[in-house]
Amino acid sequence: MDKNLIQRTISGLVYVAVIFLCATPFGAQLLDSVSPGLVQQQYLYYGLISLLLLVGTWECMKIMKFGDGYEKWIVFPLVLFIFYVFSKRYFQHGFYFDFRLSEILAISLTLIAVITLFKFSNELYIDSGKLIFTVIYVALPFSFALGLPKYSSMENTFSLEVIFLFILIWSSDTFAYLVGKFFGKHKMAPKISPKKTWEGYIGGVVLTLVLSYFVEQYQPQLRGNWMVVGFLIAAFAPLGDLVESQLKRNFGVKDSGNIIPGHGGVLDRLDSFLICVPVVYLYFILEKFI
């Protein structure tokens with residue numbers, strides 16, 4: 001058997017296991033069986049997101065090849081400040097999904113960053129542009145991700161929005177790949193991602209909607225309507241892949257890193273997540289008014 005395939009399989013399984021244990025109550029339950037009361041689930045999840053934030057920021061800086069100016073020295077302080085603000089809300093249960101102008105503007109920055117990447121990429125070749133893009137592209141999605149799960153220390157509960165977000169992203173990617181492989185003819189973005197097709201995209205949306213139906217039926221405790229969430233994930237997950245592919249293409253980089261052997265870096269694995277989180281977060285705000 002191909003050694004690279006074995007490596008990819010093992011590292012992929014470890015990656016999925018870490019996500020599963022940190023984004024569901026099973027992580028704390030497993031640790032509790034070893035040492036009762038060792039850690040609560042919200043701290044496992046917070047630790048996971050914090051680690052991904054730090055590695056993702058470092059990878060984005062490496063991709064964009066910052067110069068020797070002051071900008072590269074203030075990337076981490078800015079990223080950590082934004083994450084700290086959201087962290088306070090996380091531990092104080094301060095995510096109410098009310099219509100706050102500041103949150104809408106923050107989510108809108110993601111759209112502006114994407115447009116800049118594709119239409120005004122020259123702005124990203126100066127260090128100030130690299131700084132702004134890195135903060136928006138990495139810090140905001142991971143910060144908003146803290147608001148997706150609900151937990152109660154008193155009742156020892158931790159909700160499953162995040163793990164189902166990952167499951168639907170993975171399923172969308174898998175369905176789109178399989179449909180595109182067997183039926184794909186029309187390229188979606190041949191210069192950026194030659195293997196993506198419109199047939200695969202449509203197949204990914206349709207089949208993810210089918211899976212979302214079962215999530216909605218059997219997980220009624222989740223926030224929002226997961227038929228809608230599933231559609232949004234399937235619709236925007238491919239954009240996340242295109243964004244990261246375009247970013248690497250602009251700067252002549254193959255992989256964002258090698259922290260996950262055979263799979264690349266954090267940004268390679270979480271490119272869809274970085275776009276889907278702000279979209280789903282925005283939906284959770286708007287669905288309160290529907």
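The values are calculated or read from the model by the stated rules, or taken from the named source; none is laboratory data. Here the structure is a predicted model, which is why all the values come from computation and not from measurement. Glycine also receives a Cβ, built like all others from the backbone with ideal geometry; neighbour counts cover every protein chain displayed. Accessible surface is based on the protein model in full, side chains and every heavy atom, while ligands, DNA and RNA are left aside. Shrake-Rupley method; radii C 1.70, N 1.55, O 1.52, S 1.80 Å.
Remark: C-alpha extents of segment 147-290 on the principal axes read 49, 33, 28 Å, sorted largest to smallest. Among the listed pairs Lys119/Lys248; Lys62/Lys248; Lys62/Lys196; Lys191/Lys254, a Cα-Cα separation exceeding 21 Å is found for Lys62/Lys196. About its Cα centre, the dipole of the chain is roughly 640 debye, where the only charges are +1 on Lys and Arg Cβ and -1 on Asp and Glu Cβ.
Go ahead and run the numbers for FRET between Leu51 and Ile6, Cβ-Cβ distance against an R0 of 25 Å, rounding to 0.05. Step by step, r from the Cβ atoms, then E = 0.50. A 1.4 Å probe run over segment 120-272, with the rest of the protein chains in place, finds 46 Å² accessible per residue. Helices of the chain meeting both criteria, an alpha-carbon length of 27 angstrom or more along the long axis and an average Kyte-Doolittle score not below -1.0, with helices taken as full DSSP H segments, are 3-23, 41-64, 71-91, 161-183, 198-218, 226-250. Bridgeable lysines around Lys288 (alpha carbons under 22 Å apart, same-chain partners fewer than 8 residues away excluded): Lys150.
Here each label is just a point 7 Å from Cα along the line to Cβ, and for Phe214 and Leu239 those points are 2.8 nm apart.
Got a number for carbon plus sulfur as a percent of the chain's accessible area, 1.4 Å probe?
Of all accessible area on the chain, carbon and sulfur atoms account for 67 percent.
Under conditions of 4 °C and 1.567 mPa s, the chain yields 65 µm² s⁻¹ as its translational diffusion coefficient, taking Rh as the Kirkwood radius over Cα pairs in the Stokes-Einstein equation. Dipole magnitude for segment 1-148: computed about the Cα centre from +1 point charges on Lys and Arg Cβ and -1 point charges on Asp and Glu Cβ, it is near 120 debye. Between the residues Ile107, Gly204, Ile192, the greatest Cα displacement towards the positive end of the dipole of the chain, with unit charges on the Cβ of Lys, Arg, Asp and Glu, is found for Ile192. Ligands, DNA and RNA aside, Ile126 has an accessible area near 80 Å² when probed at 1.4 Å. Modelled label positions at Lys62 and Arg89, each set 7 Å beyond Cα in the direction of Cβ, lie 3.1 nm from each other.
Of the trypsin sites (Lys or Arg not before Pro) found in segment 53-151, those that fall in a DSSP loop while having at most 11 other beta-carbon atoms within 10 Å are Arg100.
What is the percent of Cα-Cα separations in segment 39-195 that go past 20 Å?
Roughly 62 percent, once rounded to a whole number.
With a ≥ b ≥ c the root eigenvalues of the C-alpha gyration tensor of segment 1-129, is it rounded (a/c under 1.5), prolate (a/b larger than b/c) or oblate? Oblate. Could you state the number of Å between the C-alpha centres of segment 22-61 and segment 76-154? Value for the Cα centre distance between the two parts: 20 Å. Cross-link partners of Lys65 among aspartates and glutamates, defined as those whose alpha carbon lies under 12 angstrom from its own and excluding same-chain residues fewer than eight positions apart: Asp127.
With a point put 7 Å past each Cα toward its Cβ, work out how far Phe183 is from Asn156 in nm, to one decimal. Modelled inter-label distance: 4.7 nm.
Sorting Tyr46, Tyr90 by solvent-accessible area of protein heavy atoms yields Tyr46, Tyr90, largest first, with a 1.4 Å probe.
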